[in-house]
Amino acid sequence: MPTRITKLADKLAEHQLDAYIVYRPQNIRYYAGSMGGSYIIIAPDTDPLLLVSALDENIVRDEVRDCAVETYSPSTLLNRL
């Protein structure tokens, strides 16, 4: 059964869009099941990525679904996005 994230990725591909960045906390919870995290990067044909601060990493890893989790620091955030 397709997940919310795979449905969104399919829509992105259908409309020939490169990626979608989720940043609102309620939308992160909707897509990933976690209140932690700052951004989810969803793109067709790639695994979704939830970016979290190092402080939230342990909490988020226990809650998140359908996303890989990686940490960022303020100096690396722009490059990660």
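The values are calculated or read from the model by the stated rules, or taken from the named source; none is laboratory data. Quick caveat, the model's predicted, so the values are computed rather than measured. Cβ atoms come from the backbone with ideal geometry, glycine included; neighbour counts cover every protein chain shown.
What the table shows:
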quantity	calculated
Positions within the stretch 19-66 being among the acidic types (D, E) and free of Cβ contacts under 8 Å to residues at least 12 places away in the same chain, in sequence order	D62
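Let's see how each residue does on (1) at pLDDT 90 or above; (2) not aliphatic (A, V, I, L, M):
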{"position": "R4", "(1), (2)": "yes, yes"}
{"position": "A9", "(1), (2)": "yes, no"}
{"position": "M35", "(1), (2)": "no, no"}
{"position": "Y39", "(1), (2)": "yes, yes"}
